[in-house]
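The values are calculated or read from the model by the stated rules, or taken from the named source; none is laboratory data. Quick caveat, the model's predicted, so the values are computed rather than measured. Using ideal geometry, Cβ is built from the backbone for each residue, glycine included, and neighbour counts are taken over all protein chains shown.
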Amino acid sequence: MNDSREAEPEAREANDYWPFENLDQYNLAKFLSYPKMKSDRIIKSSAVERHCSWIKEGCGFRSVKDFKRRINLLEPKGGEWFSAPLMATEEAYSWVPATRQFYFKNTMTVLKDVVGDPKLAQYMKWVPQRLYDESGRRVYTDIWNGDWWWRLQVNSIQVCC
């Protein structure tokens with residue numbers, strides 16, 4: 001993989017798993033970072049190829065630094081992170097910490113990023129649809145095929161026209 005920033009847009013387009021090289025590397029990174037980032041010792045002993053003979057070449061990482069660099073490449077999407085203290089109320093249980101750091105992103109920035117991603121376009125639904133199974137019974141699986149969106153669509157048409 002080319003490490004230069006200039007190649008980044010082309011690399012994103014050519015590789016569905018960017019900044020990872022393949023599905024196996026992506027899954028390994030997901031395991032190591034979710035729900036909590038594993039320690040450098042665990043990353044080194046379970047994901048760095050030269051320390052793990054069981055990892056197929058190209059499916060692990062060259063180093064802990066390589067792993068973290070790839071994870072950090074994911075950060076710019078969706079805007080910057082903000083933090084604020086989250087205070088426990090008087091009604092909170094005694095085991096709840098008095099203060100916790102809360103991290104968040106601007107919701108509209110994240111939404112624009114998701115809606116603007118051409119790789120996700122085929123999965124977006126912009127109008128409601130009614131789905132039926134093979135016996136003709138109505139199927140409800142998502143907001144776009146439920147009744148609420150149909151009602152909202154009708155109300156919007158009546159309001160605007």
Residues (assigned to a helix (DSSP H, G or I) and surrounded by 15 or more Cβ atoms within 10 Å (Cβ to Cβ)) located in the range 55-69: Val64, Asp66, Phe67, Lys68
Positions within the range 56-85 being within 15 Å of Leu23 (Cα to Cα) and basic (Lys, Arg), in sequence order: Lys56, Arg70
Residue within the range 136-154 that is surrounded by 13 or more Cβ atoms within 10 Å (Cβ to Cβ), within 30 Å of Glu13 (Cα to Cα) and outside the structural domain of Gln25 (by TED's automatic domain parsing) present: yes
Flag for Trp144 being at pLDDT 90 or above and assigned to a loop (DSSP other than H, G, I, E, B): no
Whichever residue in the range 70-122 is touching a residue at least 24 places away in the same chain (Cβ under 8 Å) and part of a helix (DSSP H, G or I) and, among such residues, is surrounded by the fewest Cβ atoms within 10 Å (Cβ to Cβ): Lys119
